[in-house]
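Undergrad: Let me give you the structure first, and then I'll get to my questions.
The values are calculated or read from the model by the stated rules, or taken from the named source; none is laboratory data. As the structure is a prediction and not an experimental result, all values here were calculated from the model. Here the Cβ positions follow ideal geometry from the backbone for every residue, glycine too, while neighbour counts run over all protein chains shown.
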Amino acid sequence: QQITNHLPTAELQALDAAHHMHPFSTQSDLAKVGARVITSASGVRLKDSEGQEILDAMAGLWCVNIGYGREELAQVAARQIRELPYYNTFFQTTHVPAIALSAKLAELAPGDLNHVFYAGSGSEANDTNLRMVRTYWEQMGKPEKSIVISRWNAYHGSSVGSGSLGGMKGIHSQGGLPIPGIEHIDQPHWWAEGGDLSPEEFGLERARQLEAKIDELGEDRVAAFIAEPVQGAGGVIIAPDTYWPEVMRICRERDILFIADEVICGFGRTGNWFGSQTLNLTPDIMTVAKGLSSGYVPIGGSIVSDKVAEVIGATEFNHGYTYSGHPVACAVALENLRILEEEKIVEKVREDTGPYLQEKFATLADHPMVGEAKMIGMMGSIALTPDKSARAPFAADAGTVGYMTRERCFANNLIMRHVYDRMIVSPPLVISKPDIDLLIERAW
Ligand code: PLP
């Protein structure tokens, strides 16, 4: 039997539950409920096997920045597959797609971030970063400088290294994570954890936890601090204004490297090419993936500063993936960047559709169950609460209300995501104003 879109949905769902193990899912539930089968997509809309049109306010998993169905990317992929479908970049070989994409990323990235090490995903890229910062200090004659500090509730991937770098208790509770050599400090989540402090006081207090952690461990044992400019999967946590300047001061003064995980924030999501530009950060390494190819093909990477690349490049770095700099992925990513640039999509997020969405999104705070509705660029979240003034979560059953709200949205043909009791939006960056209106209407 050929399995195609034409099979009845129930049959597809049964085959799916029987043979396909889903990430971040309870597999046994899928046999009971059945996964929604997505069959095609165009612009900001998905179509499912029942013919329903769904507004995708999550851009897939925060990645389809230029929207679905761009023929140019299909053409480039087909051309590249015909010309050179694969060759590796190990052992002194290279190819034009990897050269061209690296040069383009060096041009777009801020400061002296001029060098790219490729991976197949954000998780792999963060694994690279973990090894790279430690190798950097080994090469500098300080091998004991090996601990990486991260934040609770951060998400940096789910491989052994990146899952350990992240700070999600659910991930740490399975499979022996975190590995040693990684330490966590608290997140700058004022709404949920700020207590009586003002956002400004709280931002400083949380930034100074980094300094306290470095003191506790000893500066000569700390290699790097890793953080997302805006925590995405943790619930779109936008730090108070005082947080980042203080963190940057500490990284500079304490001689530790800073890794900005731009997997979500990169490629226009916050209204600039990188979240680091929006928040005035100066990373030594940036992790990229997702929006780099708008999710059309798997690709990730580390964009590395002159300072770090020079040290790493002085010896053989015994690290790499079969698909590091995959030619088809590089060619598609380059075409994606051309579209983002030519259609001024990043500028529109900053100056036009982004502010429009922010204004509409803020109105959700008028709902009796919404504690705050915050957004930066085109990523935002609302906090569901039983008590606005107390900034209280639904403590006893954290996540249940979020889950139910997500299901309501889904039934309403709107994809929003929930993290505990926060509801997230992060639509394709090409979303139009009428579709923004529709998004907000369906969210209400
Ligand atoms: N880093 C951040 C900030 C992410 O949001 C993600 C994925 O959501 C990752 C890393 C991991 O990327 P991937 O799923 O491509 O491995």
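Undergrad: Does Ala314 satisfy the criteria of being away from the ligand (no atom under 16 Å from the Cβ), aliphatic (A, V, I, L, M), within 30 Å of Arg82 (Cβ to Cβ) and in the same structural domain as Ala100 (by TED's automatic domain parsing)?
TA: In short, no.
Undergrad: Which one of Ser49, Ser40, Ser28 is touching a strand residue (DSSP E or B) at 6+ places or on another chain (Cβ under 8 Å) and either surrounded by fewer than 16 Cβ atoms within 10 Å (Cβ to Cβ) or over 19 Å from Ile415 (Cβ atoms) (or both)?
TA: Result of the check over Ser49, Ser40, Ser28: Ser40.
Undergrad: Taking the criterion of being assigned to a helix (DSSP H, G or I) and within 12 Å of the ligand (Cβ to nearest atom), would at least one residue in segment 184-192 satisfy it?
TA: no
Results for (1) part of a loop (DSSP other than H, G, I, E, B); (2) closer than 18 Å to Lys290 by Cβ; (3) at pLDDT 95 or above, shown as yes or no for each residue.
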| residue | (1), (2), (3) |
| --- | --- |
| His22 | yes, no, yes |
| Leu61 | no, yes, yes |
| Val64 | yes, yes, yes |
| Val76 | no, no, yes |
| Ala100 | no, no, yes |
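Conditions tested, residue by residue: (1) surrounded by fewer than 24 Cβ atoms within 10 Å (Cβ to Cβ); (2) in the same structural domain as Gly43 (by TED's automatic domain parsing); (3) more than 19 Å from Lys360 (Cα to Cα).
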site	(1), (2), (3)
Gly399	yes, yes, yes
Gly402	no, yes, yes
Arg408	yes, yes, yes
Leu414	yes, yes, no
Ile424	yes, yes, no
Pro427	no, yes, no
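Undergrad: Does Leu15 qualify as being modelled with pLDDT under 95, of a type outside the set (Lys, Arg) and surrounded by 12 or more Cβ atoms within 10 Å (Cβ to Cβ)?
TA: The answer is no for Leu15.
Undergrad: Which residue, of Ser158, Ser121, Ser150, Ser162, is within 14 Å of the ligand (Cβ to nearest atom), touching a Pro at 6+ places or on another chain (Cβ under 7 Å) and in contact (Cβ under 8 Å) with a residue 24 or more places away in the chain?
TA: That would be Ser121, the only listed residue that is within 14 Å of the ligand (Cβ to nearest atom), touching a Pro at 6+ places or on another chain (Cβ under 7 Å) and in contact (Cβ under 8 Å) with a residue 24 or more places away in the chain.
Undergrad: Assess whether Gly300 counts as being within 12 Å of the ligand (Cβ to nearest atom) and farther than 26 Å from Pro240 by Cα.
TA: yes
Undergrad: Hey, can you tell me all the residues within segment 304-336 that are within 25 Å of Phe258 (Cα to Cα), touching a helix residue (DSSP H, G or I) at 6+ places or on another chain (Cβ under 8 Å) and outside any helix (DSSP H, G or I)?
TA: Result: Val304, Ala314, Thr315, Phe317, His319, Tyr321, Gly325.
Undergrad: If you don't mind, another one. Could you please tell me which pairs satisfy a Cβ distance under 9 Å, a separation of 6+ or placement on different chains, a first residue in segment 55-73 that is within 12 Å of the ligand (Cβ to nearest atom), and a second residue that is assigned to a helix (DSSP H, G or I) and of a type in the set (A, V, I, L, M)?
TA: Cys63/Leu292
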